Amino acid sequence: MKKLIVVVNDLERSGKSSVARAITHHLASLEVNHLAVTSNEMDMTDSFTGEFWDLEDQFDLSLMIGAIDNHDAIVLDVHTGAARVWGELCEEHDLENLLAELDTEMTLVVTDTRSERCNEEICDITEIFADQADYIIAHLPGDSRNEVPWKGSLAAKALRYLGGTEVEIPAPSDDLATALATSEVELAVALNNPAGLPRFTEVPLTQWLERTSASLNNAQEYLVPEEIGIVALDY
């Protein structure tokens, strides 16, 4: 069974791209034949080695079918504001049945920065997709001043009802935060090619990836296809 892993959250700066890149590194470490995809054309820089899918302008479904044919896992980073567009595409193309024909399961990875708005977004996304997908809530470090409880929230209840799982994405270390600021590069961009960064940035970034990968191990059932192929992307 192959995996279509879709990272979503319609709130800005909610960590989607960083989590999507971390998942691709995790799959690469397991030698899973995978493809990274972005729906944000601005991501298509020299350091990003994946594909661009335009979800908002007559999306070519053959791109997805071809990608699934050639890879065991697809990691799709859905840009801010397009989660509902993806939902509409799923409905329009009867994606649930199409994926079943392609022997593929969809996993929605919803990022959570521990705010009330994120809880509301998670509820909205679970309402849109219902049981069409497996769910992972990726908890990221939030602003302690605005942090709201997860336990007992409507979002937590929705996740429990749908049978999803949770992972904790670790905060960047002080060394990594300083290195990224010195290099004037954002975490998501740095993750495109850690080996191309200065040594003082590459080392703490690699350590962060190792900690993140250990956390993602808790969601292997939803991220790793049953049959692992060879690595498709070189990092």
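Quickly run through the range 168-216 and pick out the residues that are out of contact with any Ser or Thr (no Cβ under 8 Å at 6 or more places or on another chain), under 19 Å from D112 (Cβ atoms) and of a type outside the set (A, V, I, L, M, F, W, C). Selection gives P172, R211, T212, S215.
Across the range 92-118, the qualifying residues are those that are in a helix (DSSP H, G or I) and closer than 21 Å to G164 by Cα, and the one among them that is nearest to the chain's Cα centre (by Cα) is C118. Taking the criterion of being under 17 Å from A190 (Cβ atoms) and within 17 Å of the chain's Cα centre (by Cα), would at least one residue in the range 50-63 satisfy it? So far as the range 50-63 goes, yes, one or more of its residues are under 17 Å from A190 (Cβ atoms) and within 17 Å of the chain's Cα centre (by Cα).
Helices (runs of 4 or more DSSP H) fully within the range 123-210 that include at least 2 residues being closer than 30 Å to L99 by Cβ and touching a helix residue (DSSP H, G or I) at 6+ places or on another chain (Cβ under 9 Å): 154-162.
Filter the range 181-198 down to the residues that are more than 28 Å from T107 (Cβ to Cβ) and in contact with a Leu (Cβ under 7 Å, 6 or more places away or on another chain) and list them by number. Answer for the range 181-198, where residues must be more than 28 Å from T107 (Cβ to Cβ) and in contact with a Leu (Cβ under 7 Å, 6 or more places away or on another chain): S183, L197.
Count of the range 154-192 residues, restricted to those that are surrounded by fewer than 17 Cβ atoms within 10 Å (Cβ to Cβ) and under 20 Å from D43 (Cα atoms), is 4. Could you please find all residues in the range 163-214 being out of contact with any strand residue (DSSP E or B) (no Cβ under 7 Å at 6 or more places or on another chain), in contact (Cβ under 8 Å) with a residue 24 or more places away in the chain and of a type in the set (G, A, S)? Of everything in the range 163-214, those that are out of contact with any strand residue (DSSP E or B) (no Cβ under 7 Å at 6 or more places or on another chain), in contact (Cβ under 8 Å) with a residue 24 or more places away in the chain and of a type in the set (G, A, S) turn out to be G163, A171, S173, A179, A188, A195, G196, S213. Taking the condition more than 17 Å from the chain's Cα centre (by Cα) and among the charged types (D, E, K, R), does E210 pass? No.
For V19, state whether it is touching a helix residue (DSSP H, G or I) at 6+ places or on another chain (Cβ under 8 Å) and either closer than 17 Å to D103 by Cβ or touching a residue at least 12 places away in the same chain (Cβ under 8 Å) (or both). Spelling it out, it is not the case that V19 is touching a helix residue (DSSP H, G or I) at 6+ places or on another chain (Cβ under 8 Å) and either closer than 17 Å to D103 by Cβ or touching a residue at least 12 places away in the same chain (Cβ under 8 Å) (or both).
In the set (1) surrounded by 21 or more Cβ atoms within 10 Å (Cβ to Cβ); (2) assigned to a helix (DSSP H, G or I), the condition left unmet by D69 is number (1). Filtering the range 21-39 to residues that are surrounded by fewer than 18 Cβ atoms within 10 Å (Cβ to Cβ) and over 20 Å from T104 (Cα atoms) leaves only S29.
Only the coordinates and a few stated rules stand behind these numbers; no lab work does. What you are looking at is a predicted structure, and each value in this text was computed from that prediction instead of being measured. Every residue, glycine among them, receives a Cβ derived from its backbone with ideal geometry; neighbour counts consider all protein chains shown.
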